[in-house]
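First up is the structure itself, then whatever we jot down about it.
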Amino acid sequence: MRLFLLSIALVVSTITQAQLPDNSPAAQLPEFNKLVATEGLSLKSAKQAHITSTAGSTYDLKYHRLEFTVDPAVRAVQKGVATSYFTANAAGDVITFDFVDDMVVDSIKQHGLLQSFSHMDDIITLTLTDDLTAGQLDSVTVYFHGVPGNSGFGSFTADWQNDSIPVLSTLSEPYGARDWWPCKQVLNDKIDSIDVYITCPEQYEAASNGLLISSIDNGLTKTYRWKHRYPITAYLIAIAVSDYAIYSDYAYLPTDTIEILNYVYPQNLSAAQQQTPRTADFMQLFDTLFTPYPFADEKYGHAQWSWGGGMEHQTMSFMGGFGFELISHELGHQWFGDKITCGSWADIWLNEGFATYCTGLCYQYIEPQYWMPWKRLTHNIITSAPDGSVFCTDTTTSDRIFNARLSYRKASFLLHMIRLRVGDTNFFTAIRNYLNDPLVAFKYALTENLKLHFEEQSGIDLTEFFDDWYYGEGHPQYTLKWGQFPSSRLIVELNQQPTHPSVDFFEGPLPVRLKSAMRDTIIILEHSYNGQIFDLQPGFPVDSVIVDPEILVIQENTVIKTEIDSDDGIIVYPNPVKNTAEVKFDSPLYTAVRYELYDMTGKLLESKDVDNASFGSFTIDMAPYRNGVYFITVWSNYGSDSNTLKKAIKKK
């Protein structure tokens, strides 16, 4: 993992972090790499045997009451109680939960009565005394303890702050919840609400999801009760226990005031108090661009932990630091990942691509001097390799699910390119519609759900775009040739070579800047096929052409200036020609009637009437002919006059 982080850093810059402003994207890169690594820590093994839950298909979860007795100095659940309320999907007497075999199940009760069960292959199977009735609310309570399994490095961690004070924290994404409590580890059944009780030695504080309802002094221990009344998926439930300094910031929104509750290490208090207030600025921006904060009835918060990155636990992100990108990324997840969670790990970009683009939007609107550097850095990382899709092709490995280049960076630029395709108004309106869609809000979504909203809002069919940019790999490499006449008329020829064979051609808009010493303009070339000719009228002499100057598209490019020769109002382009020559006229008053093609000896090779004369241009297929010089004679009309125009064509 560390080698992976270094390899990304080397792509970007040789400038040392100390030389960069604190908020600059390059200075934030090490923090971003830690963020990516951390979010996948609970699946660090090369392959994860238990990928999809075999538990829970027979019932719908409604509520969990989770009770943990822990000491942050000891990596263990000393005592655990998980009470689960559910409705059965069908009548029966068997119910199952995901729970690793490393943990010990002491007993299980239904209606106060002990139940028979088995615990093997990381599944608890209960045979209930009282049969379940379809649609009826029921509950069971599991009593357990033990040293949690660790599907990687991070699902249940005991570490230290300042080398002397213990810190206990959890990280369950994507498959780690079952390591430390009996759950239904799926991406299709959110728990409607939870209560989390954490009992720990009295000198420590305990953080979790939702609102802190009570803190009860038991003598040598304290019990903290956290209450969360929004739907939540298993991997977003978390606890952190340590010695914390606690303070609040506030976001003042048009419709509400949101508490931002911070649990930080005492030795970091002063620095954190300088950094966390920016969370309110980010929240105000997201409130404007998207929808109000999804969990406004409760809070948003940060709990510091020993990992370098962060994790978007619902209403309480766990943070290794409080840099610009880490705060904005984890806050963005509250909308994208928490309110709406990806419905499969193959669609992880709906979480991570959005959260990464949220950071970009914070640069654009709050720290605009870093917007272009962020886009450039992101673009350069994406194009540092020729392959890879945003669609996650292997959900069994953390390195693929949480791939920094693809699931984060390229996914964020997928959104950026959709924004170019549909326009800002349609882009943000479609996102708001998506966030408010009752089919996915506070539930799960797949890529098709988001795509549909962009299409319905814009009226643009994005199927080919998603085929190329979401499922397809790589990106286009453009070659742009251009030349200009004294009249300021500009001819552009555009070709591309995809970097991966999964995509034969990337159709779509390509912004180009036409520039002179005194003027410039940006035009959009709608690229539909290789060798496409664009006949432009910029209105001024152009001295340079710049492809994608504002970094709106994933691409690499080569720009070539070429001379264009015009005789008697006729243009042949490209010239020299390889296969197809396009013949155009200086004035739209010209219309072609017939052309003749001759070789160097004067032999007539072709004589054809032109059937598309109304367009002021036509093409000649030069592919059948050998390399050499040819001559074309065009009979045309100019207004009511007849004209004969001649031109030499070089074939090579």
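The values are calculated or read from the model by the stated rules, or taken from the named source; none is laboratory data. None of the values given here were measured: they were computed from a predicted structure. All Cβ positions, glycine included, derive from the backbone under ideal geometry; neighbour counts span all protein chains shown.
In the range 499-526, how many residues are more than 34 Å from the chain's Cα centre (by Cα) and in a strand (DSSP E or B)? So the count comes out to 0. Would you say residue 309 is in contact with a helix residue (DSSP H, G or I) (Cβ under 9 Å, 6 or more places away or on another chain), at pLDDT below 95, under 22 Å from residue 170 (Cα atoms) and not assigned by TED's automatic domain parsing to the domain that holds residue 433? So residue 309 fits the description; yes.
Residues of the range 287-316 that are surrounded by 24 or more Cβ atoms within 10 Å (Cβ to Cβ) and not in a loop (DSSP other than H, G, I, E, B): 300, 301, 302, 303, 304, 310, 311.
Exactly one residue among 409, 376 is more than 27 Å from residue 438 (Cα to Cα), touching a residue at least 60 places away in the same chain (Cβ under 8 Å) and in a helix (DSSP H, G or I), and that residue is 376.
Matching residues to (1) within 20 Å of residue 558 (Cβ to Cβ); (2) charged (D, E, K, R); (3) out of contact with any Phe, Trp or Tyr (no Cβ under 8 Å at 6 or more places or on another chain):
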{"site": "461", "(1), (2), (3)": "no, yes, yes"}
{"site": "469", "(1), (2), (3)": "no, no, no"}
{"site": "477", "(1), (2), (3)": "yes, no, yes"}
{"site": "484", "(1), (2), (3)": "yes, no, yes"}
{"site": "490", "(1), (2), (3)": "yes, no, no"}
{"site": "496", "(1), (2), (3)": "yes, no, no"}
{"site": "505", "(1), (2), (3)": "yes, no, no"}
{"site": "508", "(1), (2), (3)": "yes, no, no"}
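Counting only residues that are among the β-branched types (Val, Ile, Thr) and either touching a strand residue (DSSP E or B) at 6+ places or on another chain (Cβ under 8 Å) or crowded, with 22+ Cβ neighbours inside 10 Å (or both), give me the strands (runs of 3 or more DSSP E) lying completely in the range 223-272 with at least 3 of them. Talk me through it step by step, then tell me what you get.
On the way: elements: 239-242, 245-252, 257-264.
Here the list reads 257-264.
One residue stands out among those in the range 445-503 that are among the acidic types (Asp, Glu) and either in the same structural domain as residue 415 (by TED's automatic domain parsing) or at pLDDT 95 or above (or both): the one that is farthest from residue 407 (Cα to Cα), which is 456. Residue 496 falls short on exactly one of the conditions (1) in a loop (DSSP other than H, G, I, E, B); (2) over 12 Å from residue 389 (Cα atoms), and that condition is (1).
Scanning the range 477-490 for residues that are surrounded by 17 or more Cβ atoms within 10 Å (Cβ to Cβ) and out of contact with any Ser or Thr (no Cβ under 9 Å at 6 or more places or on another chain) yields 484, 490. Of all residues in the range 58-114, those that are outside any strand (DSSP E or B) and either of a type in the set (A, V, I, L, M, F, W, C) or under 35 Å from the mean Cα position of the chain (by Cα) (or both) total 15.
Candidates are the residues of the range 457-476 that are touching a residue at least 40 places away in the same chain (Cβ under 8 Å) and part of a loop (DSSP other than H, G, I, E, B); the one that is surrounded by the fewest Cβ atoms within 10 Å (Cβ to Cβ) is 462. In the range 34-58, of all residues being at pLDDT 80 or above and surrounded by fewer than 22 Cβ atoms within 10 Å (Cβ to Cβ), the one that is nearest to residue 141 (Cα to Cα) corresponds to 58. Among residues belonging to the range 77-110 that are in contact (Cβ under 8 Å) with a residue 60 or more places away in the chain and acidic (Asp, Glu), point out the one that is surrounded by the most Cβ atoms within 10 Å (Cβ to Cβ). Among those residues, the one meeting the criterion is 98.
The set of residues in the range 314-357 that are in contact with a Gly (Cβ under 6 Å, 6 or more places away or on another chain), of a type in the set (D, E, K, R) and within 17 Å of residue 413 (Cα to Cα) is empty. Is it the case that some residue within the range 430-445 is in a helix (DSSP H, G or I) and closer than 27 Å to residue 528 by Cβ? Looking through the range 430-445, at least one residue is in a helix (DSSP H, G or I) and closer than 27 Å to residue 528 by Cβ.
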